[in-house]
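A quick write-up on the structure given underneath.
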Ligand code: G16
């Protein structure tokens, strides 16, 4: 019924994976051969080729997912993949894919997602490739995929009818490939039940503690229903926007103060529940809120590290922790106190992979609402939320009280990120080059009462394999523990996005409850003058503040 067809093609020059896979507007992926070229480049980059390999395939359900799944199944078959596990209806969250690769010892996985970017016909689409450890392909692999994409001349695809992926448990044979349709949720939910004390969380929820989970109409809705409602007994009303939609209901599936505005409004209202949380398009990000209280991702990582022993999986303590360079240094204080190694990596989850594989760290996280551990090799939204619930179930305290106590003992790292989205690429690149050029003269200068003690362009040397990743962002550190970081986003699809990360520190008890933007106001002004942002891009007000 199926026949292998060889299709002649020519390279697209723009298939270089960014911070997390290849992300482009849907319309780019709809060009003839565009998706096929990239998928064939992934296959061609595999050591020993795709023949005989086992893979998992799924995505966040965004627009074009279904079409892409059919194309990829047929290409996998034509390329001789032995086994292909496919999420029912094409659904699989990013953490679920990572778990499946590890649990079933597969050679890798393909995730169809553009994460938190908007979806729909005018939105974005994306393809990520994860390797056999369950984590995002490291740079040497993504570079090889890119090189393959620049010299591709043909791809292989099986010609034949589309496959019914609507029923799980079904196995279909296409050429030599066994396609197995799997339930997207069960393996993941089972893993969560192994890591955390579900009976304690259930008791917390039974005690009158209320929660609200917002899936922003993305993939985690199906996971949340199974875990929070079916397994933990939360009432159905605790779920918001939990039906996945191809266009995410027109919103950005990005769990932050701007794009999860509905949840934020609820959490700051009179009727606020005790706990609020949200996740992103593909389920790897999380936002944690308490009643009238927002927890920054950087603080969340520090608090999870400080209280990790309260969850069964981490009861013996942590081996070490890591954070991406722009993430606040709140977790560094915890690591120091606990005598743990603490690593600073470039932005991108792929940089944690080696440290996790080598058993050098147990927990890691990023300011961009990502937190994770060695249970898989991706950041994990629902995992982070369960971790918080497990800690609260043990401590029987409020989110706000837990965080405030943490600040009392460790000091507070005030933190904000100012994003300048859809900026002209040239202006953004000039800004970075100009900063880079002025680094030597910045060092030692006193600016607004602070002396610059660090001014560099972050270069990371992986302690496991010795590989170097340079040009990862400009760091300006001051003598009062404050810091400004500049980098260009690697996930946007329109123009460039400049990210400015601003961090200040205090341990003065009377200053722990200030408004973040106010506390940081002079550093924010400084961040703009140092970068000469107005000269470079013509404006200085950011588009998003988190
Ligand atoms: C991806 C990466 C993260 C990174 C984030 C933002 O997350 O996996 O490691 O922190 O993008 O990156 P950038 O600042 O370059 O835009 P996700 O959730 O989009 O896959």
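Just so you know, all these numbers are worked out from the coordinates, no wet-lab data involved. Note that this is a predicted model, so its numbers are computed, not measured. With ideal geometry, Cβ positions are generated from the backbone for all residues, glycine too; neighbour counts draw on all protein chains shown.
Quick notes
- To the nearest ten degrees, helix 65-78 and the longest principal axis of the Cα atoms of the chain are 50 degrees apart.
- Förster-model FRET efficiency, 41 Å R0, residue 168 and residue 507, C-beta, rounded to 0.05: 0.20
- When you count the other C-beta atoms within 10 angstrom of each residue and take the mean per peptide, 264-270, 354-360, 131-137 line up highest first as 131-137, 354-360, 264-270.
- Distance between region 277-344 and region 126-175 - C-alpha centres, whole angstrom: 33
- Net length available on complete extension from residue 258 to residue 47 is 71.7 nm, with 0.36 nm assigned per residue and the Cα-Cα distance removed.
- Net lengthening on full extension, residue 31/residue 358 (0.36 nm per residue, minus Cα-Cα): 113.6 nm
- Sites residue 408 and residue 122 - FRET efficiency at Förster radius 51 Å, r taken between beta-carbons, to 0.05: 0.60
- A compact globular protein would have a Cα radius of gyration near 2.2 N^0.38 Å; the ratio found for the chain is 0.95.
- Cα point-scatterer Debye curve for region 74-219, base-10 log of I(q)/I(0) at q = 0.12, 0.15, 0.16, 0.20 Å⁻¹: -0.66, -0.98, -1.09, -1.47
- Debye intensity ratio in log₁₀ form over the Cα atoms of region 263-312, taken at each q of 0.16, 0.20, 0.22 Å⁻¹: -0.53, -0.77, -0.87
- Sites residue 70 and residue 8 - FRET efficiency at Förster radius 22 Å, r taken between beta-carbons, to 0.05: 0.55
- Here region 301-349 is treated as an ellipsoid with the same Cα gyration tensor; its semi-axes, largest first and in whole Å, are 19, 11, 9.
- Hypothetical label at residue 456: residues of region 412-448 whose amide nitrogen lies under 20 Å (7 Å Cα-Cβ projection): 432-446
- Residue 396 paired with residue 529, simple spin-label distance in nm, labels 7 Å along Cα-to-beta-carbon: 5.3
- Stretch gain in nm, segment residue 522-residue 140, where the contour uses 0.36 nm per residue and the Cα spacing is subtracted: 133.5 nm
- The shape of region 151-199 can be summarised by an equivalent ellipsoid whose semi-axes, obtained from the alpha carbon gyration tensor, come to 35, 16, 8 Å from longest to shortest.
- Most to least packed among 80-86, 227-233 [average Cβ atoms within 10 Å]: 80-86, 227-233
- Using C-alpha pairs below 8 Å separated by at least 6 residues, the relative contact order for region 56-106 is 57 percent.
- Seen from all directions on average, region 412-545 presents a Cα convex hull projection of 9.4 nm².
- Ranked by how many other beta carbons lie within 10 Å on average, peptides 303-310, 58-65 from highest: 58-65, 303-310
- Relative pair counts by distance (%), Cα atoms of region 103-145, 10 Å bins: 26, 42, 27, 5
- Region 188-407 - Kirkwood radius from inverse mean 1/r over Cα pairs (Å): 17.1
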